[in-house]
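Please read the structure below before turning to the comments.
No lab work stands behind these numbers, since they all come straight from the coordinates. In this text the structure is predicted, and so the values were computed from the model without any measurement. Neighbour counts are summed over all protein chains in view; Cβ atoms, including those assigned to glycine, are modelled from backbone coordinates with ideal geometry.
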Amino acid sequence: MRGGDDAFLLGGRPVRLLSGALHYFRVHEGLWRHRLGMLRAMGLNCVETYVPWNRHEPSPGRARDVGELGRFLDAAREAGLYAIVRPGPYICAEWDNGGLPAWLTGRLGARVRTRDEEFVRAAERWLALVAEQVVGRQVDRGGPVVLVQVENEYGSYGSDRVYLRRLVERLRALGVTVPLITSDGPEEHMLSGGTVPGALATVNFGSGAREAFAALRRHQERGPLMCTEFWCGWFTHWGGEEAARDAREAAGVLEEILGLGASVNIYMAHGGSNFGGWAGANRAGDDFRGALRPMVTSYDYDAPIDEFGRPTEKFRAFRRVLSRYAEGPLPAVPPTPPVLRAPVVAHPAGWAPLGEVMDALGGPEERGPVPPSFEDLGVDRGVVRYRFTVPGPRRAYPLWVAGLRDVAVASVDGVRVAVLDDARDPAPIGEVAGPAEVELWVESLGRVNYGPRLGEPKGVTGGLLHERQYVHEVAARGLRLDALEEPGAMEAVGWRPAGAAGGDPGLYRASCAVAGAGDAVLELPGWVRGFVWVNRFCLGRYWGRGPQRALYVPGPVLREGDNELLVLECEGAGEPVLRLSPAV
Ligand code: GLA
């Protein structure tokens, strides 16, 4: 594969990439084949995926199943698709921290995504892990990989060309021989900041193809034209409105792109779900100083293939356009995977208060003069408990949490007094007289994945203030979500009968009998905010705030007979009811 003057050339023959984004980590592995078959049936000849560094390197030097990428690429080849791999190091993608490991951003801060030696060393190690999966699967070796992307929209973030050059050199040194690309917004400063010699520049946009490619041509006179992200839908925030884009209008833009002779990657062809609590967040406002806007668990994206894998009106509209550019007749649309045969209602039988779950499964408690961040405590996803004593005796004064990210349940002398967020900084707990014992349970709602506040830490990042005085003695302890997935974790928890829980925050366990397993949705009526697992597979965050009301349960997660449901509720449990319904 190489980039010719105006087309990609494969074995000397021009090929147009008709690609669709599908992130393997947002689709249950048991459903990859189905989804890839859907891409083929829509008329695509290629699939594109990011590779999330933070998911595959949970702590420094400890790789976790990078082979998943290789298995996905094999599945793509079997489905008859080429593949584009985008390993970052930064990926944006509405993914926690834009894919950067929290252990790295916590230490390096604004040094990430630059030539900073420590960052580059870590990034090179990451790229080496990716290369192990990719190099032998390049198209000239009989594999599906036709392009590899360097960084991601770097021109929307930085201007360190030395950094980009080092990434290009490293990928080549690791044996990547297919064309490298960069992708950027079609603006002069983005293209000049994000492109690098040795990688083909491409553009990302949702409309205005002609103008976008004209901007690209001003920057790069020759080479295949490619839209690496044609945004045919959009993402959704908690507390926001569900994103939607008209199918016919989007198909019109696809038509325009293809009519200009360009290659395309439809972002997203199939969005999937933010399983595992990995959803990212944005900062509102043009200056990115505004409120946190955390992403919902669904990454449906109003994509042509919906979160359940079903074809939508947009699928049919795109298929009509793509069929005119396909090499032969399009394959039939694969049948939708089976859905759960009948609704099931489960009732929690056991529970444990949050404090006891922390005792059983939390990390070590750290004590010091200032509150540590999630990053300091090694918590990528999960909750942190801060404990401190307001000194006394002293009269009542306002007690504040400065730099809170993102939401905290506060109690004083064992009584809940407030649920705090970052709408006000410092966040007010209320008037408190000393001495008093204070507990704060803080949850990260997802790290910022885009803009200059990328990588900002989570937890209490400012301090604890009584009137104007810092409280300089804090104990903090983290509970990582994946601690609940460790073998033996549930045996370590002291379970109590759930009837006595009274709606308190805690870990709840239910079993439910399923006959006719298949795709389902899970609803938690009246539950406020937390995470849920089905047979230890973490579906992600639920939140009564909406707009998302039900979580997608991939069929392969359920089994015939008995199934285990676990709910980690951080604010207040609802009715003792968990409702599984067929995905329709
Ligand atoms: C940019 C990024 C993607 C994604 C989209 C919005 O183009 O490159 O990762 O965040 O925006 O969905």
Quotient of Cα Rg and 2.2 N^0.38 Å for the stretch 117-246, N being how many residues it contains = 1.17
With each pseudo-label sitting 7 Å past Cα toward Cβ, what's the A402-R71 distance in nm, one decimal?
-> 4.8 nm
Sorted by chain and then number, the residues having a modelled amide H within less than 5 Å of the amide H of G3, at least 5 places away or on another chain, are L9
When the convex hull of the Cα atoms of the stretch 527-571 is projected onto a plane and the area is averaged over all directions, what value comes out in nm²?
-> 3.2 nm²
So what's the convex hull volume per residue for the Cα atoms of the stretch 1-136, in Å³?
-> 131 Å³
Karplus ³J(HN,Hα) for the stretch 92-109 (6.51 cos²θ - 1.76 cosθ + 1.60, θ = phi - 60°; Hz, whole; x = Gly/Pro) runs 6, 6, 6, 10, 2, 6, x, x, 6, x, 5, 5, 8, 5, x, 8, 9, x
If Lys and Arg each add +1 and Asp and Glu each add -1, what is the summed charge of the other residues whose beta carbon sits under 12 Å from the beta carbon of G516?
-> 0
Label point at S207 placed 7 Å out along Cα→Cβ; residues across the stretch 311-331 whose backbone nitrogen lies under 18 Å = 314, 318
Volume per residue, Å³, of the convex hull around the alpha-carbon atoms of the stretch 465-584?
-> 149 Å³
Tell me, what ³J(HN,Hα) does each residue in the stretch 410-416 have, in order and in whole Hz, if you take phi through Karplus 6.51 cos²θ - 1.76 cosθ + 1.60 with θ = phi - 60° and put x for Gly and Pro?
-> 10, 10, 10, 6, x, 10, 5
Which whole-Hz ³J(HN,Hα) couplings does the stretch 250-267 yield from phi under the Karplus relation 6.51 cos²θ - 1.76 cosθ + 1.60, θ = phi - 60°, glycine and proline marked x?
-> 5, 5, x, 5, 4, 4, 4, 4, 5, x, 8, x, 8, 8, 9, 10, 6, 10
Given the rule -39500 (n - 2.57) for each run of at least 4 DSSP H residues, summed and divided by the residues of the chain, what is its mean residue ellipticity at 222 nm, to the nearest 500 deg cm²/dmol?
-> -6000 deg cm²/dmol
For the chain, the fraction of alpha-carbon pairs in successive 10 Å shells from zero, as % = 3, 17, 27, 26, 17, 8, 2, 0, 0
Could I have the simple spin-label model distance between V419 and E169, label points 7 Å from Cα toward Cβ, reported in nm to one decimal?
-> 5.2 nm
With unit charges on the beta carbon (Lys/Arg positive, Asp/Glu negative), name the residue among P391, G37, P371 whose Cα is farthest towards the positive pole of the charge dipole of the chain.
-> G37
Rounded to the nearest 10 degrees, what's the angle between the helix 32-42 long axis and the longest principal axis of the chain, both from Cα atoms, 0 to 90?
-> 40 degrees
Against the rule of thumb 2.2 N^0.38 Å, how large the Cα Rg of the stretch 289-370 comes out = 2.02
Residue separation between R496 and T336 times 0.36 nm, minus their alpha-carbon distance, gives in nm 53.5 nm
Cα Rg, Dmax, the stretch 225-315, angstrom units = 14.6, 41
Pairwise FRET efficiency - E366 versus V162, Cβ, R0 = 35 Å, nearest 0.05 | 0.40
What FRET efficiency comes out for the pair R320/D504, r = Cβ-Cβ distance, R0 = 45 Å, nearest 0.05?
-> 0.25
Label-point separation (nm) for V577 and E132, each offset 7 Å from Cα along Cα-to-Cβ?
-> 4.9 nm
If amide H atoms are built 1.01 Å from N in the plane of the peptide, which residues on other chains or at least 5 residues away come under 5 Å of the amide H of G280?
-> W95, D96, M295
Hey, can you grab everything whose amide H is under 5 Å from the amide H of E456? Only 5+ residues off in sequence or another chain; H modelled, so Pro and N-termini drop out.
-> V448
Alpha-carbon centroids, the stretch 1-76 and the stretch 390-463: separation in whole Å = 42 Å
